[in-house]
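**Student:** Have a look at this one before I ask anything.
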Amino acid sequence: HIISPEYLTAEKLMRIALMENSIGVETVPSLGIELAMFKVSGKKEGVVMVPLRELPIPEECKILIIHRGKQIIVPTVNDVLMKGDQVTIVGKGKAVADFNRMLGILREPRDMVIVGGGIVGEHLATLLEKEKISVKLIENDEDRCRILAKQLSKTVIINDDGSDPSVLRNENVSMADVLICATENEEDNLLASLIGKHLGVSKVISRYSKREYEEIFGMSGIDASVGYYHVVANEIIKETVHNYEVMLLLEKFSEEFFDLKVTAGSRIIGKRIADIDMPKMSAIALVVKDGRALIPSPDTVIEEGDKVFIYALQSAIAKLEWMFKANIPVGP
């Protein structure tokens, strides 16, 4: 089984680029669901400071967790969204895109600029071409530009330094809906991202490889960043942790998304979700009954043989192991 982290990184960058409010996404193809992180911009009336029970949240999705500054909230129907919140949801099919619309969009993204024509940049441009997005790609290496020009029929290839402010200004980057910095070099990506923000690009996304850059990209005011090592780590887990259908590490590896089979000894059999005393900082995201994935309601009853997908902070793992009589692997 060959893992292409470059392709997976490109796919992730594309998903984030296509949804205006999205800052992160994890796809679980086997279940047809996505975990998506959104930033609440407050640009639409009637979203902020309204109890969740009154929001038109799409049916096939559920808010799992809200990051508000240093605070982490597992919300109830009485909680509200505030401007600047980062919200993690689970959704099926088009529910994730509908949630993005609910938060409010100014316009569908149509024009994108990619800095860096390496393997990730090439995959990304190919994916965006298929989505009928108009793409401009800036790459410093002349030979690489010749190769890209042969591969990418609809992308405008520019042979120049994408981390040079005058180049980005001359290429009218400020007019783009999204700037994606995808070079192999973190410093170049950081610089290009900051210049893009300074020029007024409404959404800037970057990739980084080294773990120590996660903090820096988080603090820099860049809208979203995708960690290459994160993508690799999650792929390795998929290949090595075999008794789990899904095992994802999120948010600096301190949050996990995983499935547990409800077996005879489990302490939640026969209970409605509303009556289950879940550990603090955990939420049931999804229930699979007879092979069908459901976004659970408070009235969903858990039965033996069900598979339950849980979003949890590592602090909740020990109690979950006790509830489900299971061993849950913990991230690095």
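**Student:** Once Rh for the range 111-232 is found with the Kirkwood sum over Cα pairs, what is the Stokes-Einstein diffusion coefficient at 20 °C and 1.002 mPa s, in µm²/s?
**Tutor:** Working: Rh = 14.1 Å.
Answer, rounded: 152 µm²/s.
**Student:** If contacts are Cα pairs under 8 angstrom and at least 6 residues apart, what is the relative contact order of the chain in percent?
**Tutor:** Worked out over the chain, it gives 14 percent.
**Student:** If you stretched the chain out fully between Arg169 and Gln314, how much longer would it get, using 0.36 nm times the residue separation minus the C-alpha to C-alpha distance? Please report the intermediate quantities before stating the final value.
**Tutor:** Working: separation 145, 0.36 × 145 = 52.20 nm, distance 4.44 nm.
That pair, Arg169 and Gln314, stretches by 47.8 nm at full extension.
**Student:** Okay, moving on. From the gyration tensor of the Cα coordinates in the range 86-170, what semi-axes in whole Å does the equivalent ellipsoid have, largest first, with each one equal to sqrt(5λ)?
**Tutor:** Output for the range 86-170: semi-axes of 30, 15, 11 Å.
**Student:** Starting from the Cα coordinates of the range 1-73, work out the convex hull volume and express it per residue in Å³.
**Tutor:** Values: hull volume 9.8 nm³, N = 73.
Normalising the Cα hull of the range 1-73 by residue number yields 135 Å³.
**Student:** Counting pairwise Cα distances across the range 61-104, what percent come out greater than 18 angstrom?
**Tutor:** Values: 257 of 946 pairs.
Roughly 27 percent, once rounded to a whole number.
**Student:** Mind listing P(r) for the range 156-223? All alpha-carbon pairs, 10 Å bins, whole percents.
**Tutor:** Taking all Cα pairs of the range 156-223, the binned fractions are 22, 57, 19, 1 percent.
**Student:** Can you tell me which of 70-82, 112-124, 171-183 comes out highest on packing, and rank the rest after it, using the mean Cβ neighbours within 10 Å?
**Tutor:** Working: 70-82: 13.6, 112-124: 25.8, 171-183: 23.0.
Averaged packing, sorted descending, gives the order 112-124, 171-183, 70-82.
**Student:** Above 17 angstrom, tally the Cα pairs of the range 17-132 and express them as a % of all pairs, no decimals. Can you show the working numbers first?
**Tutor:** Working: 3942 of 6670 pairs.
Tail of P(r) above 17 Å: 59 percent of Cα pairs.
**Student:** Oh, and also: What area, in nm² and to one decimal, does the C-alpha convex hull of the chain cast on average over all directions? Working shown, then result.
**Tutor:** On the way: hull surface 67.1 nm².
Convex hull of Cα atoms, orientation-averaged projection: 16.8 nm².
**Student:** Can you tell me which of 214-221, 311-318, 282-289 comes out highest on packing, and rank the rest after it, using the mean Cβ neighbours within 10 Å? If you can, show how the numbers build up before the last one.
**Tutor:** On the way: 214-221: 13.4, 311-318: 18.9, 282-289: 21.5.
The peptides rank, most packed first, as 282-289, 311-318, 214-221.
**Student:** Okay, moving on. How large is the direction-averaged shadow of the alpha-carbon convex hull of the range 242-324, in nm²? Intermediate values should be presented prior to the final figure.
**Tutor:** Details: hull surface 21.2 nm².
With every direction weighted equally, the projected area is 5.3 nm².
**Student:** Express the C-alpha Rg of the range 49-191 as a ratio against the empirical globular expectation 2.2 N^0.38 Å, rounded to two decimals. Let's see the in-between values first.
**Tutor:** Values: Rg = 19.3 Å, N = 143, 2.2 N^0.38 = 14.5 Å.
Compactness ratio reported: 1.33.
Readers should treat all values here as calculations from the given coordinates under stated rules, not as data from a laboratory. Since this is a predicted model, take the numbers as computed values, not measurements. Using ideal geometry, Cβ is built from the backbone for each residue, glycine included, and neighbour counts are taken over all protein chains shown.
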